[in-house]
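Single-structure report; data block below.
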Amino acid sequence: MMTRPSILLIDDSPGERELFRLALAQTGLDVTLYAEQDTEAAFRFLESQWTAPAVVPLRASNEALLRARVARAQDHAGVVYSEPSASTETMPVTSPSLPSLILLDLNLRGQNGCDLLKRLRSDDRFAALPVVIFTTSDDPNDLADSYSCGTNGYVVKPGSFDALIHCTGDLCRYWLTWNRPSMSDTAC
C-alpha cells in the first residue's frame, strides 16, 4: 500500500508555520503536514514515528459508519486512523511513519538547526531522511555550514505569500514526487 507523503516542518514561529500550512493547502497537493517548534520536540516526534505500530486496514460501506468506527477506535492506543478520502468508500488506516521530508528552520530561538541536523545524521534511524534547511538567512556562511552538517538542500524563504505558495509546491513536487532516494535510503 502506498503511504501518503508527509512533511515535518520545524520552525519556532507560529505565524511562519501557519503561513506554510496555508501555502501548502493552496498547492492542492495531498501531503500531511506535521509541525514542531523546537529541535527536542522534533526529535521526540521522529522517535515516536519510528516506533509506531503496523498498518491496519479498515473498510466501511458508508462515510457515517466509517466515522463512527474511527471515533470508537481512537481509544485504542498505538493506532492512528486517517480521515476517509472523499473519492472512496474505503479508508486505508495506517500507523504514523517517518516523514518523507523535513523542512528545518536554521535559526530557532536558542537553538541552531544544524545541531538537530548533525544529531539526525548520526542516528541510523534518521540519517537518510531528506532534510532541507528552510530559512530567512541568505548568509553564505550559513549555507556552507548547513551543507557541511549534512543538509540535502537549502532554501531561502520567499518574501511574499504568492512566492511561498510557488516555492512550497516546487519543494513538495521535487522531494515527494520526482526525487528518488537511494536504495540504502529505502531500507529505513
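Values as computed for the structure displayed
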| item | result |
| --- | --- |
| Count of residues meeting criterion [buried (at least 16 other Cβ atoms within 10 Å of the Cβ), of a type in the set (A, V, I, L, M) and more than 14 Å from Phe45 (Cα to Cα)] in region 1-28 | 3 |
| Selection count, region 117-134, where residues are more than 20 Å from Ser100 (Cβ to Cβ) and surrounded by 14 or more Cβ atoms within 10 Å (Cβ to Cβ) | 1 |
| Looking only at region 123-156, and only at residues there that are out of contact with any helix residue (DSSP H, G or I) (no Cβ under 7 Å at 6 or more places or on another chain) and in a loop (DSSP other than H, G, I, E, B), the one that is nearest to Ala42 (Cα to Cα) | Asp123 |
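Only the coordinates and a few stated rules stand behind these numbers; no lab work does. Predicted model, so just to flag it, every value in this text is computed and none were measured. All Cβ positions, even for glycine, are placed from backbone atoms using ideal geometry, and neighbour counts span all protein chains on display.
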